[in-house]
Amino acid sequence: PEVYYLDEVAVLAPGFREVVDAIRQAGAGGTSKSSTDAVAKCVADLKERGLIQQVRPGLFLLEVLNTEFCGRLEEELAHFRASGLPSTAPNTMN
């Protein structure tokens, strides 16, 4: 199935690449202070444009995977569960 061959255009949400590129560009070069200021200004712009949401200081919400891919992934997981193959939940104690 397609979920095992990850093509970023077919998998990533449209705005995700834009967010990554903008923050990467804002943080490139300059001094540590100027780079930090540029990233802060970039984040403010991305928030204003609705590409990211700040939940609380230092915690942001953004769409990474597109809806179509999420649907295909959920279908594949349901297919796996229905197959009867053994599976275990991850150990959350680690």
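Nonpolar atom fraction for the chain, defined as the carbon and sulfur part of the 1.4 Å probe accessible area, stands at 58 percent. If only the Cβ of Lys and Arg carry +1 and only the Cβ of Asp and Glu carry -1, the dipole of the chain around its Cα centre is close to 500 debye.
Quick one: angle between helix 32-48 and the longest Cα principal axis of the chain, in degrees between 0 and 90, rounded to 10, please. Once rounded, one gets 60 degrees.
Shown in residue order for segment 74-87 are the 3J(HN,Hα) couplings computed by the Karplus curve 6.51 cos²θ - 1.76 cosθ + 1.60 at θ = phi - 60°: 4, 4, 5, 5, 5, 4, 5, 4, 6, 6, x, 5, x, 8 Hz (x for Gly and Pro).
Between 16, 5, 92, the Cα set farthest toward the positive side of the dipole of the chain (charges on each charged residue's Cβ, about the Cα centre) is that of 92. The loop-placed chymotrypsin sites (Phe, Trp or Tyr not before Pro) in the chain, going by DSSP, that have at most 15 neighbouring Cβ atoms within 10 Å of their Cβ come out as 5.
With a probe of 1.4 Å, find how much accessible area segment 1-44 has per residue, and write the answer as a whole number in Å². I get 71 Å² per residue for segment 1-44.
Rounded to the nearest 500, what is the chain's calculated 222 nm mean residue ellipticity when only DSSP H runs of at least 4 contribute -39500 (n - 2.57) each, over all residues? Walk me through the numbers on the way to the answer.
Values: 4 runs with 52 residues, N = 94.
Mean residue ellipticity, 222 nm, calculated: -17500 deg cm²/dmol.
With a Förster radius of 41 Å applied to the beta-carbon distance between residue 20 and residue 93, the computed FRET efficiency rounds to 0.80. Residues whose amide H lies under 5 Å from that of residue 65, counting only those 5 or more places away or on a different chain, are 13; hydrogens are built 1.01 Å from N in the peptide plane.
Convex hull volume per residue, computed on the Cα atoms of the chain, equals 164 Å³.
The values are calculated or read from the model by the stated rules, or taken from the named source; none is laboratory data. Since we're looking at a predicted model, the values are computed, not measured. We place every Cβ from the backbone using ideal geometry, glycine too, and count neighbours over all the protein chains shown. What goes into the accessible areas is simple: the full protein's heavy atoms, side chains included, and nothing from ligands, DNA or RNA. Shrake-Rupley method; radii C 1.70, N 1.55, O 1.52, S 1.80 Å.
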